[in-house]
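The values are calculated or read from the model by the stated rules, or taken from the named source; none is laboratory data. All values derive from a computational prediction rather than experimental measurement. Quick reminder, even Gly has a Cβ in these numbers, built from the backbone with ideal geometry, and neighbours come from all protein chains shown.
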Number of protein chains: 2
Amino acid sequence: MRVEIVAVGSELLLGQSVDTNSTVIAAHLAEAGIDCQFQVRVGDNVERIAMALRAALARADAVVVCGGLGPTQDDVTREAIAAVMGVELREDRDAAALVRAAFARRGRAMAASNLRQALVPVGASIIPQRLGTAPGLVCPVGDRVVYALPGVPRELEEMLERAVLPDLRRRAGSAAVILSRTLRTAGLAESVLAEILEPRFRALEASGPGAVTIAFLASGVEGIKVRLTVKAPNQVEAARALDAEEEEVRRLLGDAVFGVDDETMEAAVGKLLREGGRMLALAESFTGGLMASRVVALAGASEWFAGGVVTYASEAKRRVLEIEVDGVVSGRTAAAMAEAVRSLFGADVGLATTGVAGPDRLEGRLPGTAFVGIALDGEPAEALELSLPGDREQVRGLGTLSAFDALRRRLLTRARRTA
Amino acid sequence: MRVEIVAVGSELLLGQSVDTNSTVIAAHLAEAGIDCQFQVRVGDNVERIAMALRAALARADAVVVCGGLGPTQDDVTREAIAAVMGVELREDRDAAALVRAAFARRGRAMAASNLRQALVPVGASIIPQRLGTAPGLVCPVGDRVVYALPGVPRELEEMLERAVLPDLRRRAGSAAVILSRTLRTAGLAESVLAEILEPRFRALEASGPGAVTIAFLASGVEGIKVRLTVKAPNQVEAARALDAEEEEVRRLLGDAVFGVDDETMEAAVGKLLREGGRMLALAESFTGGLMASRVVALAGASEWFAGGVVTYASEAKRRVLEIEVDGVVSGRTAAAMAEAVRSLFGADVGLATTGVAGPDRLEGRLPGTAFVGIALDGEPAEALELSLPGDREQVRGLGTLSAFDALRRRLLTRARRTA
């Protein structure tokens, strides 16, 4: 069972709007174990929509087309489907009644143009609307089928789940399941990850179809994601295959893996701090509030986050943290900041960043040169040097990730020592 | 001149990642007056990428393909292009030197796999990288051309502007120009904006083809954007039409317009502070470093930004700001925070936020209830109450925008009074 997606809308081709509808449809198809090999976007033009539908139907068993079902003159998806089916459009009595009822429900007067939404290619059936006005369509084309859904995201998703996916599953017989799991890593370059995982690539390739596949996704401040994907006859077998592969990958990558799926670096740090009953204070120079902001984005952060200072200017470091600053780009300053902020907030752990965000050099050092200071429990603070690639935004993002990662690794070491 | 876009990446087909790259490319093409009629997404598979490229080349003069140029085994766009060209891949000496140099620049060891990125189809030329490692490619196919760009958004956009668009413009000869300008607003709801601009909508409609069009784009922490677009025979005429319309719109919207195009709210605030020779200090509770982070994202912010504190917990407000806190969700606390942080950093202006980010109520108040405190020059601090819609992330984003906007309007009033 292969399905393709066609998204209709000139705003997509003009770059005025991001096509999230295709992403939502694709995610649902993947979860249902249905292959999707191509997605196409096309403008509000009858001939070109028909061309896209014909090309998709030549390759796939079914097509989900979204958008272009509204009441205005530029909504022409119905016309294009009728052309592909080689039939006419007729006003469907049920569909017209539903459009009228949708307006009545909201107590609104209906412009006559809205009855365009009740036009249905002869031989197609409708998917009644529950949230808006334009009904969806199920349109047989030989032994294949085109599903047409409205472009409004919540209407689309509701119809997809209620009508399209069940119909696709029925047509597919017992479908396989595609499951993915993402291991999130920090501290290793993409090429280093690839080299470490080389034995797994070879082993998986050798084991033939149905094996887990591994892909990398560099995601800036989110670290590098290692995505495991498998197609299996059912949920249980898919999960079992992912469990086994996750274990292999974790064995090879060790502490570089900080989380799974949506688990962020700061959430991983927060978990370790909470487990150790420690409160964190942050002193940020070039990251400038980015670390604090990511922490406060987590609901419940107040359980382990005491607070922070943004001492971007040297004067602020002296005045607010009361430390000597002989140079901003220095490990000594980073360590002093960590100790000072820990004591300022009465916290257990102080974490500090200082360095050169760019675009200009600072104290003769290149943009991307940075130091992280960590003051943990009663011990003297320590510092480590980083060399971060990219422009100002990237340097700040990667600095945030690296500083949290440095603290995470220290906390892991500490937990193992005391365990 | 017709161009199509092919986005490569299995994560797109699995619905794990939204294809914003195609949107960015499409927007640039539209601005250059170049037609784009189809966009396709395809997985990391040599045959299917080649199939997508062949189909696109059959319809269009040029294809921009993005993604799949990295160093790992699943990056196979180079192989697909070579198959379409009917040539082999060879290691390009210049490309290899550039990949090595990119690593050397960061002082990192290079895994051998990275040299995959220096493989070039025979007959193609490279677009040197300036930000990352994978070079782009310009690949002639008969009288047509395929441009291959890396999938990392900033690298993609940089190469697109530097190499691809100029080359396309040259091939296209003189095309019509589509120009857009965005007026950024804060403080007015979209429906209010629409009502105020109603006379402009009517006037532009009456003036027929070639007129400026107006569209709204609600953009959360970026405010609501009012986009003016015009198609004209050349740059000069397009710019003149936008200038005239901008003047009309500004006359109607007044101070609600805070910037143009990429000018952010914090940049607008920074400009006013610098003009007045004032230094800013921030005290953030529920915005939690988001305000400071947006300020420090601006190069040169140290000219007007003294620093900030993140006092998310009540204890931190007492301990670090040394203020009495009888309630976190209160105008009195916001004003006290603003005064205290101004004095802590020895700044001229203190700006503070406190409130309920959610998801839970705080002190019996609903999520979205928030206060902004402003302490300006020697005067007593004042506070204003906000009611912000949305989830935790949205509340923090809109709180940041609203607090900066409140300060911006105060500074404007002050500047007019003293002028």
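Summary of values
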| read-out | value |
| --- | --- |
| Candidates B:LEU351, B:LEU366, filtered to the one that is closer than 28 Å to A:SER302 by Cα and surrounded by 17 or more Cβ atoms within 10 Å (Cβ to Cβ) | B:LEU351 |
| Some residue of segment B:254-272 being farther than 30 Å from A:ALA299 by Cα, touching a Ser or Thr at 6+ places or on another chain (Cβ under 6 Å) and part of a helix (DSSP H, G or I) | yes |
| In segment B:191-203, residue nearest to B:GLU248 (Cα to Cα) [restricted to those that are free of Cβ contacts under 8 Å to residues at least 40 places away in the same chain and in contact with a strand residue (DSSP E or B) (Cβ under 9 Å, 6 or more places away or on another chain)] | B:PHE201 |
| Selected residue (criterion: nearest to A:THR264 (Cα to Cα)) from residues of segment A:299-355 that are assigned to a loop (DSSP other than H, G, I, E, B) and facing another protein chain (nearest Cβ under 9 Å) | A:ALA299 |
| Selection count where residues are of a type in the set (A, V, I, L, M), under 24 Å from A:GLU47 (Cβ atoms) and modelled with pLDDT under 95, scope segment B:28-54 | 3 |
| Qualifying residue in segment B:134-142 (condition: within 12 Å of chain A (Cβ to nearest Cβ) and small (Gly, Ala, Ser)) | yes |
| Pick from segment B:1-16, criterion facing another protein chain (nearest Cβ under 7 Å) and not hydrophobic (A, V, I, L, M, F, W, C), ranking: farthest from the chain's Cα centre (by Cα) | B:SER10 |
| A:PHE404 vs. criteria away from every other protein chain (no Cβ under 12 Å), surrounded by 24 or more Cβ atoms within 10 Å (Cβ to Cβ), under 21 Å from A:ILE224 (Cα atoms) and modelled with pLDDT of 90 or more | yes |
| Conditions (1) in contact with an Asp or Glu (Cβ under 9 Å, 6 or more places away or on another chain); (2) of a type in the set (D, E, K, R); (3) closer than 25 Å to A:GLY368 by Cβ: number failed by A:GLU284 | (1) |
| Any hit, segment A:382-394, residues being under 23 Å from B:LEU282 (Cα atoms), free of Cβ contacts under 8 Å to residues at least 40 places away in the same chain and surrounded by fewer than 24 Cβ atoms within 10 Å (Cβ to Cβ) | yes |
| Subset of segment A:141-187 (residues that are under 30 Å from A:LEU401 (Cβ atoms) and either free of Cβ contacts under 8 Å to residues at least 12 places away in the same chain or touching a strand residue (DSSP E or B) at 6+ places or on another chain (Cβ under 7 Å) (or both)) | A:ILE178, A:LEU179, A:SER180, A:ARG181, A:THR182, A:LEU183, A:ARG184, A:THR185, A:ALA186 |
| Only one of B:VAL221, B:VAL226, B:VAL230, B:VAL249 that is part of a strand (DSSP E or B) and closer than 15 Å to B:GLY259 by Cα | B:VAL226 |
| Which numbered condition A:GLU263 fails, given (1) of a type outside the set (Gly, Ala, Ser); (2) modelled with pLDDT of 95 or more; (3) under 30 Å from A:THR213 (Cβ atoms) | (2) |
| Residues that are away from chain A (no Cβ under 14 Å), in contact (Cβ under 8 Å) with a residue 12 or more places away in the chain and not in a helix (DSSP H, G or I), drawn from segment B:66-105 | B:VAL87, B:GLU88, B:LEU89, B:ARG90, B:GLU91, B:ASP92 |
| Residue check for B:ALA109: in contact with a helix residue (DSSP H, G or I) (Cβ under 8 Å, 6 or more places away or on another chain) and at negative phi | yes |
| Residues within segment A:127-176 that are at pLDDT 95 or above and either assigned to a loop (DSSP other than H, G, I, E, B) or surrounded by fewer than 15 Cβ atoms within 10 Å (Cβ to Cβ) (or both), tallied | 1 |
| Segment B:177-211 - residue that is in a loop (DSSP other than H, G, I, E, B) and surrounded by 11 or more Cβ atoms within 10 Å (Cβ to Cβ) and, of those, modelled with the lowest pLDDT | B:GLY210 |
| Any hit, segment B:25-37, residues being of a type in the set (Gly, Ala, Ser), within 7 Å of another protein chain (Cβ to nearest Cβ), touching a residue at least 60 places away in the same chain (Cβ under 8 Å) and crowded, with 19+ Cβ neighbours inside 10 Å | yes |
| Qualifying positions in segment A:111-122 - surrounded by 15 or more Cβ atoms within 10 Å (Cβ to Cβ) and either in contact with a Ser or Thr (Cβ under 8 Å, 6 or more places away or on another chain) or of a type outside the set (Val, Ile, Thr) (or both) | A:ASN114, A:LEU115, A:ARG116, A:GLN117, A:ALA118, A:LEU119, A:PRO121 |
